[in-house]
Amino acid sequence: MKVTRREFLKLAGAIGASAVMMGYKSEILAIIEKAAATPGYTIAWLQGQGCTGCTMSLVQYPDIFGALGNLTVSVPFHPTIMPEAGHNAEEVLEDLEPDFLVVEGAVPIKDILGVDTHYCDVFGIPFEDLLVEVANRSEVVVAAGTCAAFGGIPAGNPNPTDARPVSEVLFRKTVINIPGCPAHPDWMVLTLVAAITEEPIVLDRLNRPIVFFGESVHEKCERLPFCKSEKFAKTFPSPEGCLFKLGCKGPVAYADCPTRLWNNETNWCVRAGAPCIACVYEDFPDKVSPFYEKLMMVLPPEPHVERHRHGKR
Ligand code: SF4
Ligand code: SF4
């Protein structure tokens, strides 16, 4: 069975009220169960220069194991959650031809005078080489989190390992970017389900699914009326007032956090009283630092949207 485009957009779209969100969650799980009718999908998950936060974000998804247990999707290789280790784990990866490759973390490519510096080796080989090898055997590549999508913290100044985003290493393949520090589990699960059900995923110029990353945090922020009336918070904590002068980077962060919410629809950064640090931004963290100082850069124009469709096949 397939998820129709209308169903996918309805599920993935920004729906605000938490009561609606509760129903929305159960609908996601129902859709995932629908995807169970699509047999035999395999996911390999590689980890490079990252903190495993995106994995933690995903495995805390409500009933993720129950949902995946109903799927004929398997994740035989995932360094954090797989039971195998050492040579046994290496053998699992050697035999895999995954439908989906999810990559977490950036890729160090630095060598010195032609000698590989081995900043990140997996099974004794540079992560960059392993990534290219497994990606060549995979149908769809998803970069999970800002480190994998854009380089993130490992690529921050002075970037001592010359860390790069996955797309710079796999330049011959389309890499679907799901930024975020961490990536929201909804963004990852819905993207994978859309790919499994061969639902076209509309990507923007940075290869992000538009449905999640098409609007800025600022545009949907509940404190926007304060911003428009120039009522700015001056100190923490401030339950009222726009946080722009306290460092909020919501105007340059494109993500649906204000309506999707985090931690099982509990809250999101600005509602919790913290400025958005634009963890999804393509130049995070360098161009949005210091986090608690007013944004000095000129605001970029609206992202140019290429109606590029990406299906599994
Ligand atoms: S708090 Fe941040 S995201 Fe919200 S209106 Fe102000 S600048 Fe925009
Ligand atoms: S509100 Fe900003 S800092 Fe918070 S998760 Fe969303 S993009 Fe990241």
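Within a Cβ distance under 15 Å of MET296, other residues only, what is the Lys/Arg minus Asp/Glu net charge? Taking every other residue near MET296 into account, the sum is +1.
Residue pairs exceeding 30 angstrom between C-alpha atoms, taken from LYS110/LYS220; LYS110/LYS173; LYS110/LYS245; LYS234/LYS287: LYS110/LYS220; LYS110/LYS245. Max-minus-min Cα coordinates of the stretch 215-297 on each principal axis give 31, 29, 20 Å, with the largest extent listed first. Partners of LYS228 within straight-line reach, counting aspartates and glutamates whose Cα lies under 19 Å from its Cα and excluding those fewer than 8 residues away in the same chain: GLU215, GLU219, GLU240, GLU302. The modelled label-to-label distance between LYS294 and GLU97, using points 7 Å beyond Cα along the C-beta direction, is 5.9 nm.
Just so you know, all these numbers are worked out from the coordinates, no wet-lab data involved. On a predicted model such as this, the values are computed, not experimentally measured, just so you know. Methodologically, a virtual Cβ is constructed for each residue, glycine included, from the backbone with ideal geometry; neighbour enumeration extends over all protein chains shown.
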